Amino acid sequence: MDSANAYTDPGRSGKDNRRFLNAVLYVARTGIPWRDLPERFGRWNSVWRRFDRWCANGVWTKIAAILGEPDLEELQLDSTSVKVHQSACGSRRRSGEKKRKPITDDASAARVVG
């Protein structure tokens with residue numbers, strides 16, 4: 001390495017951008033702290049420092065501008081990421097909690113008329 005390049009690249013350049021982006025997306029998707037990042041993504045502190053540098057340099061803003069608005073015409077959700085109330089999972093009701101029947105359109109219309 002010549003001396004001119006020694007100052008323009010003070011550390012080792014990011015070798016695997018895909019692994020870094022997968023790590024950032026994993027943290028965003030799961031909501032885990034950076035310290036809990038699985039080892040397959042590399043050292044959590046290295047990933048976080050690179051993420052922080054990209055934030056400071058405006059890289060994420062540039063990526064968002066290039067990608068533009070998302071096309072939400074076809075949106076698919078993974079059911080593992082949708083949280084529901086405990087009672088929807090078949091858990092026990094608290095003492096004194098009543099079981100309520102869903103109101104159908106016919107029943108609510110009859111109440112309004114009658």
Practice problem: Rank these by accessible area, largest first, 1.4 Å probe: ILE32, ILE66. | Solution: ILE66, ILE32
Quiz item: Just the accessible area for LYS62, please: 1.4 Å probe, Å², rounded to the nearest 10?
Solution: 130 Å²
Self-check item: Net length gained if the chain between ILE32 and ARG18 were fully extended (0.36 nm per residue, minus Cα distance)
Solution: 3.1 nm
Quiz item: So how exposed is THR61, as accessible area in Å² (1.4 Å probe, rounded to 10)?
Solution: 100 Å²
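The values are calculated or read from the model by the stated rules, or taken from the named source; none is laboratory data. It should be emphasised that the depicted structure is a prediction, and the values quoted were computed from it without experimental measurement. Heads up: the accessible areas ignore ligands, DNA and RNA and are worked out on the full protein's heavy atoms, side chains in. Shrake-Rupley method; radii C 1.70, N 1.55, O 1.52, S 1.80 Å.
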